[in-house]
Every structure is written in structure tokens, then in C-alpha cells.
Amino acid sequence: MNSSEAGVSAAQCARTQCRLATAVLVDARGYLLLQERDEHAPVAPLQWGLVGGHVDPGEDWTEAVWRELREETGLDADVVPDLRLWREVELVHAPKGDPALTDRWQVWVGTTTATDVDVVLGEGRQIVFVDPDSVRAGRLDLAPGAATILRELLESQEYAVLAGGR
């Protein structure tokens, strides 16, 4: 979802701390569900990022992450039974008027029984399960925030559990 659809314009996001609810789903192979953004994306066009987006005014984080999953992928709780909060971090998401200003991210993780066939593309060029080795090896052009988060996730015990020890 782009920022203007979420009630936060790109100009507003440049002057304030935005709230972003994102999800990383891990399939039975240990692959990660990622989004390749299209050329119309207001931030990080044509780069790979996390599924998710801005938290709408008055919306809580849990509502936002499920809304974003449904809007961007068509997936719901029936194929993501264990979605849970993994990290809350502050990172720059969009260019800021004040270089000290960051955005507040919540990163939710979970396993899924879904496959690429089950994903209904709601935004971007593609949303597919990606081999974690392609992320580790730098073969994907990752958006800066996604690069930071995925590097930490792939090195974590949490990912080892999600990936079933792979």
C-alpha cells in the first residue's frame, strides 16, 4: 500500500515518524515471502522489500499487519497460523527532512503453508518466496530497511526455529 492510500502522504512521512507494520513469512523450505516493488512505489522502487506498510491513523499494529497481508498477498490466518511480533525497530523508511528522524517498524514473523501459487499479487511487481541464500549472498537489490531487518532475522535463533532448523 502506498503512503497516500494509508492516510499518510509522502510529504507527511518526510516530516514525521511513520509507523510500518511488516511481515516475513517462512515456508516449509525456509524460504522468505518478499515483495519486489514496482516502478510506481514512492519509496525503494524496483527493489525488494517486506510485505507490509503504513499503520493507518487509529489502527493498532495487529490490525495493520493482517490488513497489509490480506491487501498485498490475499493470505490470511488459515495459512499463517502463528504470526507473532519479532522485533520493533527504528529505521529510515523514506527520505526525511530531518536526518535524525526515523520510522518505527514492527516486524512480524510466522510460518505458512502457502506457496507462490496461493499468493494473490495486490501490489508491486511480484510477491514470491525467496531462497534465503539469495538474500545472504546479496543477489537481490534489497531496500535499505529490508536489508537490515532480513540480515538480522536470518542470523537469529527465531529464523532457525521458523525454518525448522535449516
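Helix 144-154 against the longest principal axis of the chain: what's the angle in degrees, Cα atoms only, rounded to the nearest 10? The angle comes out at about 30 degrees.
Positive end of the dipole of the chain (Cβ unit charges, origin at the Cα centre): among H54, L83, L101, the Cα lying farthest that way belongs to L101.
May I ask you to sort L162, L32 by Cβ crowding, counting other Cβ atoms within 10 Å and putting the fewest first? Working shown, then result.
Numbers: L162 23, L32 26.
Fewest to most other Cβ atoms nearby, the residues stand as L162, L32.
Charge dipole (Cα centre; +1 on Lys/Arg Cβ, -1 on Asp/Glu Cβ; no other charges) of the chain amounts to roughly 460 debye. Within the shell defined by Cβ-Cβ distances under 9 Å, the residues around W48 carry a net charge of -1, with Lys and Arg each +1 and Asp and Glu each -1.
Summing -39500 (n - 2.57) over the DSSP H runs of n ≥ 4 in the chain and dividing by its residue number, what mean residue ellipticity at 222 nm do you reach, to the nearest 500 deg cm²/dmol? Walk me through the numbers before you get to the answer.
On the way: 5 runs with 41 residues, N = 166.
After summing the helix terms and dividing by the residues of the chain, the value is -6500 deg cm²/dmol.
Angle, helix 61-73 long axis vs. longest principal axis of the chain, Cα atoms, 0 to 90°, nearest 10? Tilt relative to the chain: about 70 degrees. Taking the square roots of 5 times each eigenvalue of the Cα gyration tensor of segment 68-166, largest first, gives ellipsoid semi-axes of 23, 17, 15 Å. Bridge orientation summary for the chain: considering DSSP beta bridges with both residues in this region, about 70 percent are antiparallel. Using the average count of surrounding beta-carbon atoms within 10 Å as a protection proxy, the listed peptides 105-114, 38-47 rank, highest first, as 105-114, 38-47. Suppose we look only past 27 Å in the calculated P(r) of the chain. What percent of the Cα-Cα pairs does that tail hold? I get 17 percent for the Cα pairs in the chain exceeding 27 Å.
No lab work stands behind these numbers, since they all come straight from the coordinates. Predicted, not measured: the structure shown is a model, and the values here were computed from it. Don't worry about glycine lacking a Cβ; one is built from the backbone with ideal geometry, like all the others, and counts go over all protein chains shown.
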